[in-house]
1. Given R₀ = 35 Å, FRET efficiency for ALA211-LEU73 by Cβ-Cβ distance, to 0.05?
2. To the nearest 10 degrees, how steeply does helix 198-210 sit against the main Cα axis of the chain, on a 0 to 90 scale?
3. Kindly rank 203-212, 269-278 from highest to lowest mean number of other beta carbons found within 10 Å of each residue.
4. Quick one: helix 167-176 against the long Cα principal axis of the chain, what's the angle to the nearest 10°, folded into 0 to 90?
5. Nearest 5 percent is fine: what portion of the DSSP beta bridges confined to the chain is antiparallel?
6. Please report the base-10 log of the normalised intensity I(q)/I(0) for segment 274-355, using a Debye sum with one equal scatterer per alpha carbon and no solvent, at each q in 0.16, 0.20, 0.25 (1/Å).
7. Where does each of 255-265, 17-27 land if you order them by average Cβ count within 10 Å, highest first?
8. Full-extension gain between ALA386 and GLN309, please, as 0.36 nm times their residue separation minus the C-alpha to C-alpha distance.
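Read-outs throughout are calculated quantities, based only on the coordinates presented, and are distinct from any laboratory measurement. Owing to the predicted nature of the structure, the values given are computational and were not obtained by experimental measurement. Ideal geometry is used to build each Cβ from the backbone, glycine not excepted, and the neighbour counts take in all protein chains shown.
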Amino acid sequence: MATRLGQAPGLTETVELTHDGQVLTARAGESLALSLIAADRLLLSRSPKLHRPRGPYCLRGACEGCLVRVNGLPNQPACRVTVQGGERVETQNVLGTRETDLLAAADFLFPQGIDHHRLMAGVRGLSPLVGSFARRVAGLGRLADHAVAPLPAERLEVPVLIVGGGRTGLTAAAALGASATLVDDGLALGGALNALEPDQGAKLAQRARAAGATCLERASVLALSREPAGERGELTALVVSAERTLVVRCRTVLLATGGHDAAPAFPNNDLPGIFSARAALSAWRGDVLIGSRIALVGSGRFAEALVTQMSGPVEVVQLDASSVVRALGRERINAVEVRVGGKLRRIKVDALAFDGPSAPSFELAVQTGAEVQFEREAGYVPVAAADGSVSDDVFVSRGDGTLEAIRQTLGS
């Protein structure tokens, strides 16, 4: 079962919150998702269509597994909510409870899925009823209990906008100094370094700030558009944080957005208790253990770090991804079925961590007109020139050559 490690990484103030009416203890300042995992509450939501059980997977706001209702507001990613104490957390879009959701019958009645566009379509008398039922079954919860106060908005003009606060983004911010404004949606700057080398991530963030760069944490670039007017097609970023909205006019943009965690490709890969290896390592760094007997599937730098970090206190069962037939369990994973020597074998576990090649975050690049190409191991990748440019005044990092190209753009 998931639990706390007791390593006390710095967050020591204990507070209380409620999850579906049950009082839980948590640590002020940690993510809500970690608080719930530490309480062994892995089933947090239901899939919108078939109401299959869902739990946190990536812990970085890139999946829908931890969407919950918080203080009356629906669809809050628990991994992006910072615990303050007193939160009222509820499972949304269920008929019954999160453990016994009567709407989950859809998963049993339609094991091959539902084509809701054609189900009973055109049948007199039934079509409207089916449509009404489909709207009731699907969706992502009720509207908010109260109107959300509008965020204050500001307009900014910056020479260089850097999107992403991992190693690449922070290194570029330190090199560009006061010209750079860096935006990152994580709870702390550092990106993957927060899981792999948290001290190094903190040092790079400190170096960037010392160089004069502006660093905005816990803020997301929702859109990156190119204005049709003007000779150069000016770039504008829509940046949203919990406190304010920024409309940022950028002279040039460096995309250091990293990649999305790989997802396993075996049946029942969506069961609560299945995490990306990066998420499992991040939880470990945050004093939370995702399970006492963990299947580690696949290989990569996060898997290697997990083996090194967890050797001793945790039983880690390392498995080759090609040997896994399926995950087993109803409300959460409880075993993995593998094929060894032509025979099927069932291995009991209470969590699974998966590592594999990440998929580049190319979405913002495409919004500015970049082209992408498909690569077998990585997926769709922006097509970049030797200096890292993917469209006019928009770059992905190619080392010192990219920084020099950005400086030339600023000087032109």
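1. 0.40
2. 30
3. Going from most to least packed, we get 269-278, 203-212.
4. Its long axis makes an angle of about 20 degrees.
5. In the chain, approximately 55 percent of DSSP beta bridges are antiparallel ones.
6. At q = 0.16, 0.20, 0.25 Å⁻¹ the computed log10 ratios are -0.55, -0.84, -1.23.
7. Listed from highest to lowest mean packing, they are 255-265, 17-27.
8. Working: separation 77, 0.36 × 77 = 27.72 nm, distance 3.79 nm.
Net length gain for the segment: 23.9 nm.
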